[in-house]
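The structure appears right after this line, and notes come after that.
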Amino acid sequence: MIEVADIYFFDIINFMLSFYLLSFVIGLAFGSFLNCLIYRLYHKKTLFGRSFCPNCQHQIAWYDNIPILSFIILAGRCRFCRQKISWQYPLVELVTGLLFLAVASQHQLLMINYQLLVKILRDWLMVFALIFIFIYDLRYYIIEDTVLLPLAGLIFILNLILRIPIFNLLLAGVLAVIFFALQYFATKGQGIGLGDLRIGLLMGFYFGWPKILVALILAYLVGALVSLFLIIFKRKKWSSRVPLGPFLAIGSLIALFFGQEILNWYLSRF
């Protein structure tokens, strides 16, 4: 015999699973859009209009544009010209979907309300921004302000809706910009670019003070370890240019999921 409590429990489980699945699907869609955005921005093409093959320019039908699934069905090749489709497309879709799912899974869904939805939306936008930074800067050594600055502004507004003090956000944003500006002028633009200042602004507006410190420290630790690894295995030289954006993105992602725990651990030590 099924008790009322059992029915309620199963309803909760079904709701959570449905929300997680929806989060993953939304992430796949955002990842697909992200691939399109990266290509069209760099090649100065309009963001409107149907998707097309970069090689033969043939328009892609909706059934050939389903995230991940279409790549598998087409065996990684364009239906028309048979040119190989870059692995970037399914990987970005999958990673974005998984990270959107991870964002949803770290929240208490039993107490869902508008503030929780705003928080999830804010985190999804940050994930979207960080993946964009990682791919775009890694491939093109450029930070695209037309994406970064609007997202920074939107995340700032969402944090205000979440009642995070404006002084907290402004302090973190200004300090992060100053931190990168000092490096820029100290290295005469050889160490970092001006685009990294805008990434600092985004990070500050998202994390606030003092969590921004955790994100910056993690980013530079990751950068140092990866750079050392590349030098040891002779993939890079000491004089080689390495974009900072991907490391800032990785550090920020780690801080997004574990920043508060890291900060609490550090504060408990002193």
List every residue pair whose Cβ atoms lie under 8 Å apart, where the two residues are 6 or more positions apart in sequence or sit on different chains, the first residue falls within the stretch 58-76 and is outside the structural domain of G27 (by TED's automatic domain parsing) and in a loop (DSSP other than H, G, I, E, B), and the second residue, located anywhere, is of a type in the set (S, T, N, Q) and surrounded by 12 or more Cβ atoms within 10 Å (Cβ to Cβ). none
Of the conditions (1) buried (at least 18 other Cβ atoms within 10 Å of the Cβ); (2) under 25 Å from Y206 (Cα atoms), L154 clears all except one; give me its number. (1)
Which condition breaks for F205 when tested against (1) exposed (fewer than 15 other Cβ atoms within 10 Å of the Cβ); (2) without any contact (Cβ under 8 Å) to a residue 60 or more places away in the chain; (3) among the hydrophobic types (A, V, I, L, M, F, W, C); (4) within 19 Å of L244 (Cβ to Cβ)? (1)
Are any of the residues in the stretch 49-60 under 22 Å from the mean Cα position of the chain (by Cα) and within 23 Å of G97 (Cβ to Cβ)? no
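Is it the case, given these coordinates, that A186 is of a type in the set (G, A, S) and in contact with a helix residue (DSSP H, G or I) (Cβ under 6 Å, 6 or more places away or on another chain)?
On the way: of a type in the set (G, A, S): yes; in contact with a helix residue (DSSP H, G or I) (Cβ under 6 Å, 6 or more places away or on another chain): no.
So A186 does not fit the description; no.
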Scanning for something part of a loop (DSSP other than H, G, I, E, B) and of a type in the set (G, A, S), does the stretch 225-247 turn up at least one residue? yes
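Going through the stretch 208-252 one residue at a time, which ones are of a type in the set (K, R) and buried (at least 16 other Cβ atoms within 10 Å of the Cβ)? If you could, list the steps in order and put the result at the bottom.
First, pick out the residues of the stretch 208-252 that are of a type in the set (K, R): 211, 234-237, 241.
K211, K236, listed by residue number.
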Does any residue of the stretch 129-136 turn out to be touching a residue at least 60 places away in the same chain (Cβ under 8 Å), surrounded by fewer than 15 Cβ atoms within 10 Å (Cβ to Cβ) and not hydrophobic (A, V, I, L, M, F, W, C)? no
Of (1) part of a helix (DSSP H, G or I); (2) touching a residue at least 12 places away in the same chain (Cβ under 8 Å); (3) surrounded by fewer than 17 Cβ atoms within 10 Å (Cβ to Cβ), P54 satisfies every one except (1)
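The values are calculated or read from the model by the stated rules, or taken from the named source; none is laboratory data. Source: prediction; values computed, not measured. Cβ coordinates were reconstructed from backbone atoms using ideal geometry, including for glycine residues, and neighbour counts include every protein chain displayed.
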